[in-house]
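The values are calculated or read from the model by the stated rules, or taken from the named source; none is laboratory data. This one's a predicted model, so the numbers in the text were calculated from it and none came from an experiment. Every residue, glycine among them, receives a Cβ derived from its backbone with ideal geometry; neighbour counts consider all protein chains shown. These accessible areas exclude ligands, DNA and RNA; they are computed on the full protein's heavy atoms, side chains included. Shrake-Rupley method; radii C 1.70, N 1.55, O 1.52, S 1.80 Å.
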Amino acid sequence: MEASVRDELLRLFGSKLTREMVLNLETCSRCGLCTPACHAYASLSQPRYAPAYRAEVVRRVYKRHFTAQGRLLPALGEAKPLTDAALEELREAAYSCTGCRRCMVCCPFGVDTQQILSIAKLLLVGAQAEPEILAMLADVSIAKGENIDALKAGFLEGVKRLEAKVVERWRVQAGATPIPTEVEGADMLYVALAGAHSIIPAAAVFNAAGENWSLSFFEAVNFGAFVGDPAKTRRILDRIVHEARRLGVKEVCICECGTAVRVAKQLSGGQPFRVVSLTEVHARYLREGRIRVKKLPGSFTYHDPCQIARNGGVYDEPRLILGSIVEDFREMSPDPRYNWCCGGGGGLVAMGEETLDFRMRSSRVKADQMRESGADVVVTACENCHTQLDNINTHYGLGKDVKFLSSLLAEALTDR
């Protein structure tokens, strides 16, 4: 590694060393309580997947370059210089972790491995060694924000084709638009994903509730967050922030995309609107009596998306929804806070076939959990989770149906 490259990477490393980060780096006692908490370790029993081991890959570089002992006597603290070989270790550590933080809730000190590994991802970005597909997808999202006027006509044409499907789910008043866009002063801006599955059920429920809403021109997913690039993460989010401010909406509702919900909630402080997940909005409609629902037959279990639940605190709302619309609900885990990660987060699902083998092998404990639930249908409220759970279902031959929570709610709508 050239000295100039190393110096720039160490500058990036130093930019992450907040007091909180230093506490995470220096607190670990190697007690091992986090080891069985990781789904990858629990499935594969390989030490390199232990959370403390992954964090140690970053911590050794920190010790070598940012502590007096590491600079003077590196062998004593197992310090390690930043080299090309170290970058390879950082990549494996960063992209074998989904950022689910199950290890954090099991750690007596609350050491945040996901935050530590954000350093690894930033160094990979600085070295232009990040996963190419994630960098490309982030750049495409940014480009869309810069060229939205040229893309609006095509977007609106696509939305128009979906409106009949929305009306099939729920009627609209005469003259009303099933999927409204560009509504100034709307109570809610809904930010969906690319695809009918993210728009049609949500639109049907909004219309049934009599919501004053508008569909965003942008997709919710934030590939900048997956790749660990703070600048790209901010630019992708700012497209939505600027649109919400321009329309003067009161609330921004993020679709069933865990990372998009987490990023929008964490980075939208100080704005004249609040950020909520679609699940929270749907639960609110039920609590306020704004929609009527019927019970759906069959047995159902729920997978808590880590970014919405463990990292966002949304546990009760999906259970309120399922308790209202299904006859037989079965918990997947005795305590949802410790539910196993599906194994698809952190950008792994977005990387597609490149990560499929690892995702399937490292999700054996999730497959066991799905099987042992005895439920016919596995429900979730996150796009990545849905894809991963569907892959697990096929790979392990579980014979389940995997469904989005919003789709089930739209299916349960009734006027009686």
query: Listed here are the pairs Lys16/Lys265; Lys232/Lys366; Lys165/Lys403; Lys265/Lys400; Lys152/Lys265; which of them are more than 23 Å apart at the Cα?
result: Lys232/Lys366; Lys265/Lys400; Lys152/Lys265
task: Tell me the label-point distance for the pair Thr67, Phe329, using the 7 Å Cα-to-Cβ offset, in nm and rounded to one decimal.
output: 4.7 nm
statement: Non-local residues with an amide H under 5 Å from the amide H of Ser299, with H modelled 1.01 Å from N and Pro and chain starts lacking one, are Asp376, Val377
- prompt: Taking the chain as a Gaussian network, where each spring joins two C-alpha atoms under 10 Å apart, which residue of Ala220, Ala75, Ala208 fluctuates the most?
  reply: Ala75
task: Answer with a single label: of (1) 23.4, 72; (2) 22.9, 86; (3) 22.3, 77, which was calculated as Rg and Dmax of the Cα atoms in Å from the structure in view?
output: (3)
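List the GluC sites (Glu not before Pro) within the stretch 1-99 that fall in a DSSP loop (any state other than H, G, I, E or B) and whose Cβ has at most 13 other Cβ atoms within 10 Å.
On the way: sites: Glu2, Glu8, Glu20, Glu26, Glu56, Glu78, Glu88, Glu89, Glu92; in loops: Glu2, Glu78.
Those that pass, being in a loop and sparsely packed, are Glu2, Glu78.
Give me the extension gain from Val105 to Arg245: residue separation times 0.36 nm, minus the current Cα-Cα distance, reported in nm with one decimal. Walk me through the numbers on the way to the answer.
Working: separation 140, 0.36 × 140 = 50.40 nm, distance 3.60 nm.
Difference between extended and current length: 46.8 nm.
Take every DSSP beta bridge with both residues inside the chain and express the antiparallel ones as a percent of the total, to the nearest 5. Don't jump to the answer; show the numbers that get you there.
Values: 1 of 25 bridges.
DSSP beta bridges in the chain are roughly 5 percent antiparallel.
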statement: Two pseudo-spin positions, 7 Å from Cα along C-beta at Arg337 and at Asp401, lie apart in nanometres by 3.4 nm
message: Quick check: at a probe of 1.4 Å, how many percent of the accessible area of the chain sits on carbon and sulfur atoms?
response: 51 percent
task: Can you check what the net charge comes to around Cys28, using other residues whose Cβ is under 10 Å from the Cβ of Cys28 (Lys, Arg +1; Asp, Glu -1)?
output: 0
field: Dipole of the stretch 3-130, positive end: most advanced residue of Val5, Ala42, Leu73 [Cβ charges, Cα centre]
entry: Leu73
task: Could you tell me how many degrees, from 0 to 90 and to the nearest 10, lie between the Cα long axis of helix 278-288 and the main elongation axis, the longest principal axis, of the Cα atoms of the chain?
output: 40 degrees
query: In terms of modelled amide H atoms, which long-range or inter-chain residues lie less than 5 Å from the amide H of Tyr190?
result: Ser214, Leu215, Ser216, Cys253
query: When the chain is treated as a GNM, springs tying every alpha-carbon pair under 10 Å, which of Val378, Val140, Val275 comes out with the largest mean-square fluctuation?
result: Val140
query: Relative to the longest principal axis of the chain, what angle (0 to 90°, nearest 10) does the C-alpha long axis of helix 3-15 take?
result: 60 degrees
task: Using θ = phi - 60° and the Karplus relation 6.51 cos²θ - 1.76 cosθ + 1.60, list the HN-Hα couplings for the stretch 91-100 in order, rounded to whole Hz, with x at every Gly or Pro.
output: 5, 5, 5, 5, 9, 10, 10, 8, x, 6
task: Could you size up the charge dipole of the chain around its Cα centre, putting +1 on the beta carbon of Lys and Arg and -1 on that of Asp and Glu, and report it in debye to the nearest 20?
output: 800 debye
- request: Work out how much length Lys294 to Leu156 would gain on full extension: take 0.36 nm times their residue separation and subtract the Cα-Cα distance, in nm to one decimal.
  value: 46.4 nm
statement: Subtracting the Cα-Cα distance of Arg371 and Ala176 from 0.36 nm times their residue separation yields 65.8 nm
- line: CD proxy, 222 nm, the chain: helix-only mean residue ellipticity via -39,500 (n - 2.57) per DSSP H run with n ≥ 4, per residue, nearest 500, stands at -16500 deg cm²/dmol
message: Test of understanding: in a Gaussian network model of the chain with alpha carbons linked when under 10 Å, which of Ala37, Ala150, Ala129 would top the mean-square fluctuation ranking?
response: Ala150
query: In degrees from 0 to 90, rounded to the nearest 10, what is the angle of the helix 132-146 Cα long axis to the longest principal axis of the chain?
result: 50 degrees
field: Calculated from backbone phi, Karplus (6.51, -1.76, 1.60) coupling profile of the stretch 112-127 in Hz, x at Gly/Pro
entry: 9, 5, 4, 5, 4, 6, 5, 5, 4, 5, 5, 5, 5, 4, x, 8
